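The values are calculated or read from the model by the stated rules, or taken from the named source; none is laboratory data. Note that this is a predicted model, so its numbers are computed, not measured. Backbone-built Cβ (ideal geometry, glycine too); neighbour counts: all protein chains shown.
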């Protein structure tokens with residue numbers, strides 16, 4: 001874990017790679033809860049029996065946005081700012097869902113700080129490349145360039 005005192009300290013860590021995070025299991029119960037929360041009940045995510053018959057690998061797969069939504073949880077274990085007021089999600093420049101996350105898989109995160117710049121209000125806008133890896137798969141599940149602002 002990278003620990004810095006203030007958001008401004010991130011300016012000196014541009015280019016730094018963080019991680020990997022600990023593994024998180026993406027099980028069918030998590031997938032089903034996400035389907036309920038979003039209303040996306042496409043069979044490839046929630047129909048275990050049909051997936052057993054028709055999906056490569058015989059398993060349901062996590063929603064891409066479920067995988068994306070796990071980034072904050074895993075990123076919190078990679079970077080700590082001890083004197084931070086608040087942080088906000090500023091958006092994303094690019095998100096690519098590269099390979100599926102089969103139910104029961106373990107995923108983890110690697111983060112690379114791409115850019116950090118000062119913004120009004122004593123904040124630092126941080127752009128990071130986030131790569132979610134799936135245990136046992138060569139290709140990552142997703143790569144996303146995300147932006148957040150951390151305020152002192």
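Some points to look at:
- Looking across segment 11-53 at every residue that is assigned to a helix (DSSP H, G or I) and in contact with a strand residue (DSSP E or B) (Cβ under 7 Å, 6 or more places away or on another chain), the one that is nearest to residue 63 (Cα to Cα) is identified as 45.
- Residue 99 vs. criteria out of contact with any helix residue (DSSP H, G or I) (no Cβ under 6 Å at 6 or more places or on another chain), closer than 27 Å to residue 34 by Cβ, in a loop (DSSP other than H, G, I, E, B) and free of Cβ contacts under 8 Å to residues at least 60 places away in the same chain: yes
- Candidate set: segment 129-143, residues that are in a strand (DSSP E or B) and out of contact with any helix residue (DSSP H, G or I) (no Cβ under 6 Å at 6 or more places or on another chain); chosen: the one nearest to residue 98 (Cα to Cα): 143
- Scan segment 60-89 for residues that are within 17 Å of residue 8 (Cβ to Cβ) and either modelled with pLDDT of 95 or more or touching a strand residue (DSSP E or B) at 6+ places or on another chain (Cβ under 8 Å) (or both) and the total you get is 9.
- Criterion applied to 146, 126 was being within 21 Å of residue 64 (Cβ to Cβ) and in a strand (DSSP E or B), and the one residue passing it is 146.
- When 114, 107 are checked against the criterion of being in contact with a strand residue (DSSP E or B) (Cβ under 7 Å, 6 or more places away or on another chain), within 19 Å of residue 14 (Cβ to Cβ) and either modelled with pLDDT of 95 or more or outside any loop (DSSP other than H, G, I, E, B) (or both), 114 stands alone in meeting it.
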